[in-house]
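Have a look at the structure below before the remarks.
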Amino acid sequence: MTEMLSYDFMQRALLAAVLVGITAPAVGIYLVQRRQALMGDGMGHVAMTGVGLGFVFRTSPVWMAVLVCVLGAITMELVRSRGNQRGDIALAMLFYGGMACGKLLVSVSAQAGAGSLESYLWGSILTVAPEDLVTIAVLGAVVIAVAVGLRRQLFAICQDEDFARVTGVPVRTLNLLLAVMAAVTVTVAMRVVGLLLVSALMVVPVVAAQQLTRSFAATQAASIALGVVVSLAGVTGSYQLNVPSGPAIVLLAIAVFAVFSVIAGPLARRRHRRGGTEPGPQVCDVRIPGPGRSRNPGQAPEKTSSDTTTPERRAGLAQ
Amino acid sequence: MTDPIPPAVRLRDAVASRGGRPVLRGVDLTVRPGEVVALLGANGSGKSTTVKAVIGSVPLEQGTLELFGTPYGSFRAWHRIGYVPQRTTAASGVPATVREVVSTGRLAQHRLLPFRRRDRAAVDRALDAVGMLDRAGDGVADLSGGQQQRVLIARALVGTPDLLIMDEPMAGVDAASQQVLADTLRSEVGRGASVLLVLHELGPLEPLIDRAVVLRDGCVAHDGPPVPNTGLHALPGHDHVHPHADLTPPRLLA
Ligand SMILES: Nc1ncnc2c1ncn2[C@@H]1O[C@H](COP(=O)(O)OP(=O)(O)OP(=O)(O)O)[C@@H](O)[C@H]1O
Ligand SMILES: [Mg+2]
């Protein structure tokens, strides 16, 4: 353990893992909320073109990927907000085009061997360069500040866009901001988890956490905690077992999801029992008034039998 | 302008289409201060589209919209408006509690500032008004459809709006809760709020309604005092002779 921490590259990889572990679920939760869980995946594909451009022009692939990915994200958001019927087809073109373009650019650039693209695709702990770490830290800090600071506004637009508009929230601007943040997250996470698995770190901690939570705030907090834990564990495992870090992180996250979904049922039942509220009668004890029923068939039911608040209150779950 | 206080809603000659199809073909709609207006009409007649045009989520191709006397383009006083969309699920891809969903109705009040005690108190009051306070900590996805509807109504009430816009608020709500909501609405009107309601049946709200506007195929077919039981009988094609025939405007019987 101490030996692992004595290496500079491992220190950088672990720091990057913490940043990515926080950022990816903090933004991913909004995409999941809007049922756009696979959007990050598409951005990962588009980012490949950026990496390819970085190779060709011998500039930083990370900054090139940020640029291309942000443009891609804005395009995706515009297609989504238009409510275009053929929107999914436009997106498919963007995703496949991005991936094909990236591979092509890398292969024409003289600089890079195949292994180098590989590290962008699957993540690698050996390749987090000091300047990469600075980029990751700056971008990550901005994304976290926005995702947490504008939590109520972003929650509102992802929950119900029309309603959010009536509260005066700048819906269009925030939608674009969210898309840009997702794009930045993809590129921030690229070095650690890899472009092909980046989306998993944005989605899996969120869906794992929500097996056990009931509120959005708790889901966000728990998914960030989970993201950090699996990222650190995955990078450590990658060092110990000499496997790429991306798959290690993602498989760990999926294992956590599996465990959480197994214990979710029993835990919920226990919460009900412990909640202190009586769960209501076990059997039906409502008497059906025999003759009174057939006498006035068309009449509205009596107030007592249709008053929903009473049975609910009895069955009310713990607050 | 004849009124000293401008109307809450003034929609003039609104033309709008959705998915390339013209849906509103020149709708006029005015809601004066303190007035309760019911918007009626058959399925697909354009009621929801009219309401969405009023809140600006369906753009107008022609016509003008003023909210509280301000043209839509420069309107910023969103805290004065509460909106209940036509029955959608209150649930989304991530769990959220009833309290979290209702709290979004306070965004126009606290904006970028933190959510404070008075915001929290307003959420409690609104939840109490719809009889859902005891479920505040539960996930919205765990509620029945009618209960979710009540949560959405609370979300609109929480900002104490001057104009309430509700698209079929009573859909799926049982008789007892409808009465509770009617009482809530009465107190909202009592403190001076204007209300624009899309309804299919007037039901327990009937005594509250000052005016009914009936849409047919994107045009206003009737604008005047509510006719008892208008909800069903005003539907186009519903031309049988019934006890209220003398009260029903002749155009509706065509
Ligand atoms: N999202 C949409 N995309 C395309 N067309 C739509 C959309 N929503 C509604 N329309 C069309 O607009 C017309 C009016 O719809 P609208 O929702 O305003 O009707 P409504 O009066 O509210 O009906 P209902 O009583 O069923 O709620 C319908 O003919 C419908 O086909
Ligand atoms: Mg409708």
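Looking for whichever is β-branched (Val, Ile, Thr), farther than 25 Å from B:Gly105 by Cβ and more than 14 Å from every other protein chain (Cβ to nearest Cβ) here; the options are A:Val188, A:Val207. Which one fits? Only one candidate qualifies: A:Val188. Selection of first residues in region B:170-184 that are more than 19 Å from B:Val37 (Cβ to Cβ) and within 13 Å of another protein chain (Cβ to nearest Cβ) and of second residues that are open to solvent by 60 Å² or more (accessible area, probe 1.4 Å) and in a helix (DSSP H, G or I), restricted to Cβ pairs under 6 Å at least 6 apart or on distinct chains, gives the following pairs, ordered by first then second residue: B:Ala176/A:Lys303. Please go through region B:158-169 and pick out each residue that is in a loop (DSSP other than H, G, I, E, B) and more than 11 Å from every other protein chain (Cβ to nearest Cβ). Correct list: B:Thr160, B:Asp162, B:Glu168, B:Pro169.
Only strands (runs of 3 or more DSSP E) whose full extent lies in region B:16-74 are considered here, and the ones with at least 2 residues that are within 14 Å of chain A (Cβ to nearest Cβ) are B:62-67. Restricting A:Leu212, A:Leu226 to residues that are of a type in the set (A, V, I, L, M, F, W, C) and modelled with pLDDT under 95 narrows the list to A:Leu212.
To keep it simple, each residue is scored yes or no on (1) within 11 Å of ligand 1 (Cβ to nearest atom); (2) within 28 Å of A:Tyr30 (Cβ to Cβ); (3) surrounded by fewer than 17 Cβ atoms within 10 Å (Cβ to Cβ); (4) of a type in the set (Lys, Arg).
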| residue | (1), (2), (3), (4) |
| --- | --- |
| B:Thr30 | no, no, no, no |
| B:Glu35 | no, no, no, no |
| B:Ser45 | yes, no, no, no |
| B:Ser74 | no, no, yes, no |
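Is there a residue being within 23 Å of A:Leu252 (Cβ to Cβ) and either under 19 Å from the mean Cα position of the chain (by Cα) or touching a residue at least 24 places away in the same chain (Cβ under 8 Å) (or both) anywhere in region A:161-184? Checked region A:161-184: at least one residue is within 23 Å of A:Leu252 (Cβ to Cβ) and either under 19 Å from the mean Cα position of the chain (by Cα) or touching a residue at least 24 places away in the same chain (Cβ under 8 Å) (or both). Tallying residues that are under 13 Å from the mean Cα position of the chain (by Cα) and modelled with pLDDT of 90 or more within region B:198-211 yields 3.
The values are calculated or read from the model by the stated rules, or taken from the named source; none is laboratory data. Just so it is clear, the structure is predicted and the values come from calculations on it, not from any experiment. Every residue, glycine as well, gets a Cβ built from its backbone with ideal geometry; the counts of neighbours run over all protein chains shown. All accessible areas refer to the heavy atoms of the entire protein, side chains included, with ligands and DNA or RNA removed. Shrake-Rupley method; radii C 1.70, N 1.55, O 1.52, S 1.80 Å.
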